[in-house]
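Asks: Structure in structure tokens, see below.
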Amino acid sequence: MNKYFLFALLFLFSFFISCSLFEPRVPEYPSEAGVVWITPISPEIVVLNLEAALNGSSALYLDCLSESFVFYADTNDINEYPTYNFNDWIKSVEAYTVTTALFAIVPADSSISASFLEDLDHPDPAAPVDSAIIYREYAITVPQSYYSGTGTPASGIVEFHMIENEDGFWSINKWFDLRHEETYLNTWAVAKAYYR
């Protein structure tokens with residue numbers, strides 16, 4: 001009798017353990033597929049994540065922005081493009097209007113090309129504590145966009161105001177988009193504002 005009891009107990013134990021084998025796995029979200037994400041423990045990593053997310057047309061782009069994020073266009077752009085709305089450009093505008101529209105126009109067989117290079121005139125702070133300002137020279141091309149569709153990138157200098165949260169993770173709090181003095185190319189602000 002002990003033999004049958006042990007067999008039944010072993011069978012029940014095996015049954016309950018194996019039940020998890022038939023549970024569906026958690027699906028990978030398409031918007032995150034192929035994008036390498038690094039835990040943002042420094043301002044420099046935030047920029048790497050931002051670049052990767054843009055190049056992958058990934059919603060992870062928005063994870064680089066703080067909840068209090070604000071985008072500021074260059075004053076010259078505001079004056080030269082009076083019909084564009086550069087006002088009140090907060091995270092919800094970036095998320096639900098601009099980014100959605102830009103990512104939607106990228107053909108399936110193509111991708112955004114974004115690069116953010118250190119601005120040698122403004123080196124990164126050595127050891128920032130809870131906030132930092134860093135500068136990058138950028139070039140961003142969005143296939144099929146009004147400005148970038150011809151292969152001409154949006155270009156300029158960005159002044160990122162970064163903040164660190166209580167968990168030690170960094171994000172962009174303010175994005176000041178500045179014209180590059182040595183080029184006549186449109187800035188990222190102008191390229192994005194067309195879709196606002």
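Asks: What residue, of Val142, Val106, is crowded, with 20+ Cβ neighbours inside 10 Å, out of contact with any strand residue (DSSP E or B) (no Cβ under 7 Å at 6 or more places or on another chain) and modelled with pLDDT under 90? Walk me through how you get there before you give the answer.
Replies: Working: Val106 fails: crowded, with 20+ Cβ neighbours inside 10 Å.
Testing whether each residue is crowded, with 20+ Cβ neighbours inside 10 Å, out of contact with any strand residue (DSSP E or B) (no Cβ under 7 Å at 6 or more places or on another chain) and modelled with pLDDT under 90 leaves just Val142.
Asks: Give the residues of segment 44-67 that are polar (S, T, N, Q) and out of contact with any strand residue (DSSP E or B) (no Cβ under 6 Å at 6 or more places or on another chain), sorted by residue number.
Replies: Step one: of segment 44-67, the residues polar (S, T, N, Q) are 49, 55, 57-58, 66.
Of everything in segment 44-67, those that are polar (S, T, N, Q) and out of contact with any strand residue (DSSP E or B) (no Cβ under 6 Å at 6 or more places or on another chain) turn out to be Asn49, Ser57, Ser58.
Asks: Just to be sure before I move on: is Ser148 small (Gly, Ala, Ser), at pLDDT below 90, surrounded by 13 or more Cβ atoms within 10 Å (Cβ to Cβ) and closer than 16 Å to Tyr184 by Cα in the structure I sent?
Replies: yes
Asks: Does any residue in segment 65-78 that is within 15 Å of Thr99 (Cα to Cα) come within less than 7 Å, Cβ to Cβ, of a residue that is modelled with pLDDT under 95 and not small (Gly, Ala, Ser) six or more places away or on a different chain, and which pairs are these?
Replies: If the second residue must be modelled with pLDDT under 95 and not small (Gly, Ala, Ser), the pairs left are Leu65/Glu94; Phe69/Glu94; Phe71/Glu94.
Asks: Can Ile133 be described as under 20 Å from Leu60 (Cβ atoms), surrounded by 14 or more Cβ atoms within 10 Å (Cβ to Cβ) and of a type in the set (A, V, I, L, M)?
Replies: In short, no.
Asks: Give the residue, chosen from Leu48, Leu117, that is without any contact (Cβ under 8 Å) to a residue 24 or more places away in the chain, surrounded by fewer than 18 Cβ atoms within 10 Å (Cβ to Cβ) and assigned to a strand (DSSP E or B).
Replies: Just a single option satisfies the conditions, and that option is Leu117.
Asks: If you don't mind, there's one more thing I want to ask. For segment 151-166, does any single residue satisfy the condition of being part of a loop (DSSP other than H, G, I, E, B), at pLDDT 85 or above and not β-branched (Val, Ile, Thr)?
Replies: yes
Asks: Going by what's in this entry, would Asp88 be described as over 21 Å from Glu159 (Cα atoms) and in a loop (DSSP other than H, G, I, E, B)?
Replies: In short, no.
Asks: Additional query: Quick one: is Thr83 polar (S, T, N, Q), at pLDDT below 95, under 15 Å from the mean Cα position of the chain (by Cα) and within 26 Å of Tyr184 (Cα to Cα)? Steps first, please.
Replies: Values: polar (S, T, N, Q): yes; at pLDDT below 95: yes; under 15 Å from the mean Cα position of the chain (by Cα): no; within 26 Å of Tyr184 (Cα to Cα): yes.
For Thr83, the condition - polar (S, T, N, Q), at pLDDT below 95, under 15 Å from the mean Cα position of the chain (by Cα) and within 26 Å of Tyr184 (Cα to Cα) - is not met.
Asks: I would also like to ask the following. Answer with yes or no whether Lys91 is basic (Lys, Arg) and at pLDDT 90 or above.
Replies: Considered against the rule, which asks whether it is basic (Lys, Arg) and at pLDDT 90 or above, Lys91 comes out as yes.
The values are calculated or read from the model by the stated rules, or taken from the named source; none is laboratory data. From a predicted model like this one, the values you see are computed outputs, not experimental measurements. Positions of Cβ are generated from backbone atoms using ideal geometry, with glycine treated the same way; all protein chains shown enter the neighbour counts.
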